[in-house]
Structures are given as structure tokens and as C-alpha cells.
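Step one of this worksheet: look at the structure below.
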Amino acid sequence: MEGIRVLYVGREEDVDRRAAALRDHEPGLTVDTATSGSGALDALSERTVDCVVSEYDLGGIDGLGLLNLVRDTDPAIPFVLLVFEGSEQVASEAISADVTDYVPVGEDFEAALDDLGDTIYDRAEYYQAEQDVAMLNDLARNVYERITDAFFALDREWRFTYLNEEAERLLDVRAEDVMGENIWETFPDAVGTTFYTEYHRAIATQEAVTFDEYFEPLGKHFEVRAFPAEDGLSVHFRRIREGEDAAGDHLLELTNVLTYDLVDSIQSARDALERAEANGADAEELEDVENALDRMDDLIDHSVTLTTER
């Protein structure tokens, strides 16, 4: 997980001192400062920020006004409001305004640094994990759109969760008509065939299967590779025409590996997020997200190897 970058927004006379105190107390944080709403928005547009920490009294704008401005820029970024002694009523207003969290601060600012540091780490680590999942989803979507072979994904209940255009063409269906539908109800003639037994075997053994089979209702012969994951099955296939060799297609192998592992990596990241949320964003739980991202680097290396063999 990358280091956490904080934007501390406060009044000009106190902001540098308090930001320095936060840096000293939490050396793992990178803390930048702003003293106005416009300054905060400029900082958010110019650099990556994982958490905004704001005082309530900022002079020209209050902390809740800044919260609204920040939400217009990034609805998901953590926003932690400092509620100083004497302004406790602000806390309830902040909750109503959808603040991420608030930290009470007494006369001694340094006394609140333990709570502030813990809050920043918990909220920012969860935000970073969400961004990692979004990146994985984007990568998966890009790979799916680049696949020239037909591809569809099923969940554990055998329902379609994704079909690319080539799958629609070969199966003679529209994605919008079959998404969420059970594959065996959509293609009842496939029940009891090699497609049925091999897909079930892949799920039962959690091992990939490869086969080629003719499907009479469509009048087509398919080469199929199906990859199981905890959340379902990823199926890659293409039509085999008479006299065509089904073996040795490195491009198919590349897309198989990429999409199968991307789906698995995304699921691992989502599972880690759920555990993090349930356990208060424990740092050890979020290591699973980092491992999923490391897997992406391995996939890139493997894709280079496969393509150079073509």
C-alpha cells in the first residue's frame, strides 16, 4: 500500500504548526496544507490526496461548506472534520452533511493526535483499497473489450454476468436479454451435454477445463476453455471450422490468462474490502488488496512472454 497523503485545511495562523505536529506524530503521513476553499480545491486538482482533514472555522468558508465543495470534486475521498471545544453542535451537522468522520479537539491540539492519526489511517487505507478495486475493474474492462475470442462470465448460480460482442454473435443472443439469466434455462438443450458436464466439473474441482464440442441447436463446433473462480466461471470460446486446428493459439492463451486472473484478482480485492469494512479497516486485511495488485504485475510479465512466443 502506498504512503498516505493528507491535505490539512485550517486558518492561516495555525495551519503550519498543526500540520507539522501531525507530521511529527505520524511520520508515515505526507501532509500538505491549504488555508481556504479555493486553495484546497487547487491542491486536490494538482496532486493525489487520500484524506482531507479540515478545521471548522476557516475564515471565508466553514468546514461544512468546504465539505460540499470537496464532494463535488471527489464524492468518495475521506473528509475528516476537526470539532474544536465549544463547537460540539457542529458534529451533528457534519454527520447530516455526510462527513466521513469527525474528531473532537480540546484546548491541547496535540492531545487529539492519537485519535486523528488512527482515523486518517483507517479512512485513507479503505479509500486507497477502493481506488485499487476501481483500477482493477478498469483493467478488466479494457481486457474484456480487447478480446477477439468470445467470452462470457457466470456467477455461482450459473447466471450470466458478462458477455462480449463475439459471444453474443456466436450464441445468437443479446447481452441485455440474457444478463442475470441462468445459462441452462437460456440454452436448455445444453443440459446433459459436454458443455454441462465440463462446466460443472470445473466448478467442482476448481480446475480449468479445455474441450471442443459441437452444439447442434446452433449448428456450430466450439473450442472452449473454462476457468473457475470463487465467484463463478469465466468461459472463453471460438468457433472451429472444418479443417481448422484448435491447438496452439497463443493469443487465445494470452486472453484466457489475463481475464481469468483479472477476475480472480478483482474478487480477492473485493473480499479484502469487505473484511476491512467489517473489521474497522485493519491494515493487515488490506494487504490482500496489495497482493492482488502485485498479481497484476505478474500478469503483465506473463503476457509479454506469451506474445513474444507467437
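Taken along the Cα-to-beta-carbon direction at a fixed 7 Å, the label points for D155 and E107 span 5.7 nm.
Between R11 and A91, the contour length at 0.36 nm per residue exceeds the alpha carbon distance by 26.9 nm. A Förster radius of 35 Å combined with the Cβ-Cβ distance from E176 to E213 puts the calculated FRET efficiency at roughly 0.85.
Order of 112-125, 71-84 by packing, highest average Cβ count within 10 Å first?
My ranking of the peptides, most packed first, is 112-125, 71-84.
Charge dipole of segment 4-133 (Cα centre as origin; +1 on each Lys and Arg Cβ, -1 on each Asp and Glu Cβ, all else neutral): 360 debye, rounded to the nearest 20. Using a simple spin-label model with pseudo-atoms 7 Å out from Cα toward Cβ, D118 and D138 lie 3.4 nm apart.
A short reminder: the numbers here are calculations on the coordinates, not readings from a lab. Remember, it's a predicted structure, so these values are computed and weren't measured experimentally. Note that we place each Cβ from the backbone using ideal geometry, even for glycine, and neighbour counts take in every protein chain shown.
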